[in-house]
Amino acid sequence: MNILKDSFGRRFPYIRLSITDVCNFKCGYCLPDGYKVDKSDNRTFINADEIGRLAKALSELGVCKIRLTGGEPTVRKDFFEIIKIIKKNSGIKKTVITTNGYRLDRIAKNIKDSGLDGVNISIDSLNRETFKIITGHDRLPEILKGIKNLQELNFNNIKINAVLLKGINDSEKDFDQWAEFIKDNEIDFRYIELMQTGDNLDYFNKYHISAKKFTNYLSNKNWIVQTFGKDAGPSKNYLNPKFKGKFGVIAPYSKDFCKSCNRLRITAKGDLRLCLFGNTGINIRHLMQKDNQIEELKDLILKQLNYKKESHYLELGETGLTKNLSTTGG
Ligand code: SAM
Ligand code: SF4
């Protein structure tokens with residue numbers, strides 16, 4: 001079997017697939033003015049059948065995990081149909097999502113029943129007011145209720161991500177609050193370093209802070225770095241026997257971050273993106289139209305992988321095609 005491997009020996013068992021650019025939140029670092037239709041691009045979002053064929057091709061290329069993201073993936077009316085199609089026909093072993101969780105309290109049961117294998121929820125602060133300031137929405141209580149509902153249904157693979165923001169959610173008190181939260185909760189919590197994108201330079205300059213502030217806190221509190229196998233991905237995790245959950249850090253500006261890259265991205269309009277911050281994006285949607293195009297689709301993806309670069313050049317301020325992360329799903 002031909003599997004996805006680039007010229008630097010990295011393998012790609014994991015795809016992030018954006019299924020919509022639309023989002024109902026206004027996170028300051030991503031869509032501060034809310035989602036606006038891109039008038040320069042009138043293509044629609046890929047439909048459920050196209051996604052089904054894409055997933056099948058990817059699984060035949062050795063991909064075992066697909067993360068559905070966005071925008072906000074759960075705003076799509078056919079969200080559960082998409083999960084069903086991927087799970088039923090494609091051979092993909094794990095289907096997971098990243099969501100802002102805005103209707104998690106209402107769809108927890110459907111999530112459990114859909115067979116989804118994991119849910120990552122973005123919660124930038126456990127402080128209701130801070131959460132509201134960052135996202136533009138006073139929805140923290142519903143999101144936390146959604147997590148409870150999932151847990152009551154014995155849905156176990158729940159992770160929480162927060163973007164680390166200087167002066168907003170980076171105090172020892174914030175870290176302690178999360179520690180308290182994961183003490184008896186089997187949930188992994190990770191801080192992601194704020195990334196610069198084409199649209200957010202001022203915000204980035206004002207709020208970016210190195211994840212070191214958090215990792216220093218973890219060392220002081222006796223958290224121990226977990227060592228991994230080769231394909232573990234970019235999150236560095238920390239363990240503490242007194243806590244049920246784990247802490248983690250995703251620090252894209254750290255040295256050698258790209259060495260552990262194990263993911264490719266596909267946008268909601270069917271562009272393959274080799275790197276979140278790359279300048280290459282080729283449309284592959286025309287080969288998702290019929291069942292008999294799967295071999296051609298696989299060939300195109302394999303060929304494209306030869307163009308994947310060794311590293312992003314984010315530390316030099318090069319953000320590539322990425323205006324904000326709502327089109328590439330973070
Ligand atoms: N709307 C969903 C959500 O927020 O979880 C999925 C899409 S969102 C683009 C995916 C992830 O990217 C979220 O965890 C979000 O916090 C993160 N993100 C967005 N913009 C970012 C940035 N500039 N730097 C770091 N993380 C960012
Ligand atoms: Fe929406 Fe997610 Fe971007 Fe926030 S980070 S604006 S929830 S897409």
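Condition first: over 30 Å from residue 300 (Cα atoms) and loosely packed, with under 15 Cβ neighbours inside 10 Å. Now tell me which residues in the range 33-63 satisfy that. Please lay out each step first, then the result.
First, the residues of the range 33-63 that are over 30 Å from residue 300 (Cα atoms): 33-36.
Scanning the range 33-63 gives 33, 34, 36.
Results for (1) away from ligand 2 (no atom under 16 Å from the Cβ); (2) not in a helix (DSSP H, G or I), shown as yes or no for each residue.
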position: 7; (1), (2): yes, yes
position: 44; (1), (2): yes, yes
position: 51; (1), (2): yes, no
position: 68; (1), (2): no, yes
position: 86; (1), (2): yes, no
position: 102; (1), (2): no, yes
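In this structure, does residue 80 turn out to be within 21 Å of the chain's Cα centre (by Cα) and open to solvent by 40 Å² or more (accessible area, probe 1.4 Å)?
Details: within 21 Å of the chain's Cα centre (by Cα): yes; open to solvent by 40 Å² or more (accessible area, probe 1.4 Å): yes.
Yes.
If you scan the range 20-42, which residues turn out to be among the β-branched types (Val, Ile, Thr) and within 12 Å of ligand 2 (Cβ to nearest atom)? Don't jump to the end; show me each part of the working.
Our first condition is that a residue be among the β-branched types (Val, Ile, Thr); within the range 20-42, this holds for 20, 22, 37.
Correct list: 20, 22.
Six or more apart or on different chains, Cβ atoms under 7 Å: show the pairs whose first residue is in the range 15-37 and within 10 Å of ligand 1 (Cβ to nearest atom) and small (Gly, Ala, Ser) and whose second is open to solvent by 30 Å² or more (accessible area, probe 1.4 Å) and modelled with pLDDT under 95.
Pairs found: 18/327.
Going through the range 100-113 one residue at a time, which ones are over 22 Å from residue 204 (Cα atoms) and open to solvent by less than 20 Å² (accessible area, probe 1.4 Å)?
Residues of the range 100-113 that are over 22 Å from residue 204 (Cα atoms), as a first pass: 101-113.
101, 104, 107, 108, 111, listed by residue number.
State which residue is farthest from residue 13 (Cα to Cα) when the search covers only the range 70-84 and only residues that are of a type in the set (D, E, K, R) and assigned to a helix (DSSP H, G or I). First the steps, then the outcome.
First pass over the range 70-84, keeping only residues of a type in the set (D, E, K, R): 72, 76-78, 81, 84.
Remaining after also requiring assigned to a helix (DSSP H, G or I): 81, 84.
On the way: 81: 23, 84: 20 Å.
Among them, the one singled out is 81.
Please enumerate the residues belonging to the range 1-22 that are in contact with a helix residue (DSSP H, G or I) (Cβ under 9 Å, 6 or more places away or on another chain) and open to solvent by less than 30 Å² (accessible area, probe 1.4 Å).
Result: 4, 6, 10, 12, 15, 17, 18, 19, 20.
Which of the numbered conditions does residue 116 fail, given that it passes all the others? Conditions: (1) in a loop (DSSP other than H, G, I, E, B); (2) buried (at least 22 other Cβ atoms within 10 Å of the Cβ).
So the condition that residue 116 fails would be (2).
Only residues that are part of a strand (DSSP E or B) and closer than 27 Å to residue 137 by Cα: list them for the range 88-100, please. First the steps, then the outcome.
Here is the first cut: in the range 88-100, the residues part of a strand (DSSP E or B) are 94-99.
Answer for the range 88-100, where residues must be part of a strand (DSSP E or B) and closer than 27 Å to residue 137 by Cα: 96, 97, 98, 99.
The values are calculated or read from the model by the stated rules, or taken from the named source; none is laboratory data. This one's a predicted model, so the numbers in the text were calculated from it and none came from an experiment. Here the Cβ is made from the backbone with ideal geometry for all residues, glycine too, and neighbour counts use every protein chain on show. Accessible surface is based on the protein model in full, side chains and every heavy atom, while ligands, DNA and RNA are left aside. Shrake-Rupley method; radii C 1.70, N 1.55, O 1.52, S 1.80 Å.
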